[in-house]
């Protein structure tokens, strides 16, 4: 039925837990200090939040507009404000250090790689559409062996907007000349993945996983039609519905 399957990443294909706590900010501040940009962890955290708010306000945000600010650009700005040369390169390194330090675990849900390989063998084209930072996620895809599994990878930080903004979905649909009627969006968040996909005219499959926001209702596996639902992250079972 579907020629194109569009996947969310975190909470759909990838199980991850991060803790962006005071210790992470302290270690990142130590990296800044190595290059003469002296912050305490608390000062760095406050400066980062202020810079991010300023950029988001400039980008504008409304019901239909959800800006995405590249994390490494904000880090580079904080180096630059301390008069440090080569701020762009250091910003990338600081962003990646921050991410690595914050990760408690990252892993695929069981049978994900096998499921994607099976669906591709069946003739489906596979696309990734993720609210994610390129500076983190491109490398995490490589780590997890997913880098070559998709026909195209779309990360929100590369497009300046994030789900549920329909512009992000349209970027994929228009650039790849996809027929919305032949596409299925698969994601674990009703308010971003599913709501945005419906607004873009896509069919959906909602997965209620351990990373689904706690305030969202469990899936109703009996639901049929254009907008189906699945409880859990059992890809061996789910692929049977998609195949």
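Here are some notes:
- All-pairs alpha carbon distance profile, the stretch 169-243, 10 Å steps from 0, percent: 19, 50, 28, 3
- C-alpha center-to-center spacing [the stretch 78-110, the stretch 207-231] in angstrom: 33
- Available extension along the chain between residue 52 and residue 80 is 8.6 nm, counting 0.36 nm per residue and deducting the alpha carbon span.
- Taking the Kirkwood radius as Rh and the Cα radius of gyration as Rg, the stretch 120-161 has a ratio of Rg/Rh equal to 1.01.
- Principal axis dimensions, the chain - Cα atoms, whole angstrom, descending: 58, 34, 33
- Pairwise Cα inverse-distance average, inverted: Kirkwood Rh of the stretch 112-243 (Å): 15.3
- The stretch 1-25-the stretch 123-174 distance, computed between alpha-carbon centres (Å): 11
- Helix 112-121 and the longest principal axis of the Cα set of the chain meet at an angle near 50°.
- With the highest mean first, a sort of the peptides 71-78, 121-128 on other beta-carbon atoms found within 10 angstrom per residue produces 71-78, 121-128.
- Counting only DSSP beta bridges with both residues in the chain, the antiparallel share comes to about 20 percent.
- Value of relative contact order over the chain, rounded to a whole percent, pairs C-alpha under 8 Å and six or more apart: 24
- The distance between label points at residue 241 and residue 23 comes to 3.8 nm (points 7 Å beyond Cα on the Cα→Cβ vector).
- Cut-off 13 Å (backbone N to label point 7 Å along Cα→Cβ of residue 158), residues of the stretch 95-138: 127-138
- Counted by neighbouring Cβ atoms within 10 Å, the residues 192, 137 run from fewest to most as 192, 137.
- Kirkwood-Stokes translational diffusion coefficient of the stretch 18-104, alpha-carbon pairs, 25 °C, 0.890 mPa s, µm²/s: 185
- In terms of the mean number of neighbouring beta-carbon atoms within 10 Å, the peptides 9-16, 217-224, 26-33 order highest first as 9-16, 26-33, 217-224.
- Rounded to the nearest 500, the helix-only mean residue ellipticity at 222 nm of the chain stands at -12500 deg cm²/dmol, with each DSSP H run of n ≥ 4 adding -39,500 (n - 2.57).
- Under the Debye formula (equal points on every Cα, no solvent term), log10 I(q)/I(0) of the stretch 85-141 at q = 0.15, 0.18, 0.21 Å⁻¹: -0.63, -0.79, -0.92
- Relative exposure of 82, 163, judged by other C-beta atoms within 10 Å (fewest first): 82, 163
Read-outs throughout are calculated quantities, based only on the coordinates presented, and are distinct from any laboratory measurement. These numbers were taken from a predicted model, which means no experiment stands behind them. FYI the Cβ positions are ideal-geometry reconstructions off the backbone, even for glycines, and counts take in every protein chain you see.
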